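The values are calculated or read from the model by the stated rules, or taken from the named source; none is laboratory data. Treat the numbers as computed from the prediction; the structure is a model and nothing was measured. Neighbour counts are summed over all protein chains in view; Cβ atoms, including those assigned to glycine, are modelled from backbone coordinates with ideal geometry. Note: accessible area is taken over every heavy atom of the protein model, side chains too, but ligands, DNA and RNA are not part of it. Shrake-Rupley method; radii C 1.70, N 1.55, O 1.52, S 1.80 Å.
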Amino acid sequence: MTISSNARRKQYTANGSLTTFAYDFEIFASADLNVYVDTVLQTITTHYSVTGVGSDSGGNVVFGSAPTNGAVITITSNRNVERTTSFSTNGVFRAADINDELDKIVSLLSELDTAQGRSVRLPVTDGDRTVELPITATRASKYLSFDASGDITVSSTVGAWKGNWATSTAYVKNDIVKDSSNSN
């Protein structure tokens with residue numbers, strides 16, 4: 001069987017009565033899925049079961065009881081990066097074994113492609129830049145912002161305090177002022 005390069009993530013809004021939600025990508029074990037209700041990771045066998053393991057067209061996540069109306073159900077691929085087959089020199093080399101191993105590699109690449117597509121990225125035309133967040137102690141309780149060069153920085157203020165608003169003062173974007181007539 002072959003693996004298509006489809007996204008390895010499905011999302012639904014529950015209606016309060018539906019218990020079955022489909023995924024359309026191959027998994028090799030039930031544990032290859034992460035299932036969330038809103039932002040809470042669910043536990044297989046406790047909250048849900050999985051059908052379609054080994055099917056290249058996917059299967060279903062089946063909840064024991066219907067998620068509440070309006071809850072967001074997110075199903076994602078979550079495979080461990082590992083090699084499960086070893087081929088020995090002068091040993092048996094079966095096509096099924098190599099096909100399974102290649103399918104697992106492509107599924108991991110597809111999972112990475114899905115994650116990368118959902119990440120914050122620089123445009124390919126933005127030159128050779130490194131985007132790295134400052135260390136935890138530097139960014140704690142601060143806002144993520146960009147400096148004049150477009151590089152990531154952090155700031156503890158949104159703008160500059162300019163005091164009470166006055167018609168004679170020239171303000172720039174992000175200046176913080178107060179209307180003394182109504183304290184806005």
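The number of residues in region 54-71 that are closer than 16 Å to residue 21 by Cα and open to solvent by less than 60 Å² (accessible area, probe 1.4 Å) comes to 11.
Got at least one residue in region 32-41 being assigned to a loop (DSSP other than H, G, I, E, B), at pLDDT 95 or above, open to solvent by 60 Å² or more (accessible area, probe 1.4 Å) and closer than 17 Å to residue 11 by Cα? Among the residues of region 32-41, at least one is assigned to a loop (DSSP other than H, G, I, E, B), at pLDDT 95 or above, open to solvent by 60 Å² or more (accessible area, probe 1.4 Å) and closer than 17 Å to residue 11 by Cα, which makes the answer yes.
Screening residue 74 on (1) over 22 Å from residue 18 (Cα atoms); (2) touching a residue at least 12 places away in the same chain (Cβ under 8 Å); (3) among the β-branched types (Val, Ile, Thr); (4) not in a loop (DSSP other than H, G, I, E, B) shows it passes everything except condition (1). Those strands (runs of 3 or more DSSP E) of region 79-184 in which at least 3 residues are open to solvent by 80 Å² or more (accessible area, probe 1.4 Å), considering only elements entirely within it, cover 143-146, 161-164.
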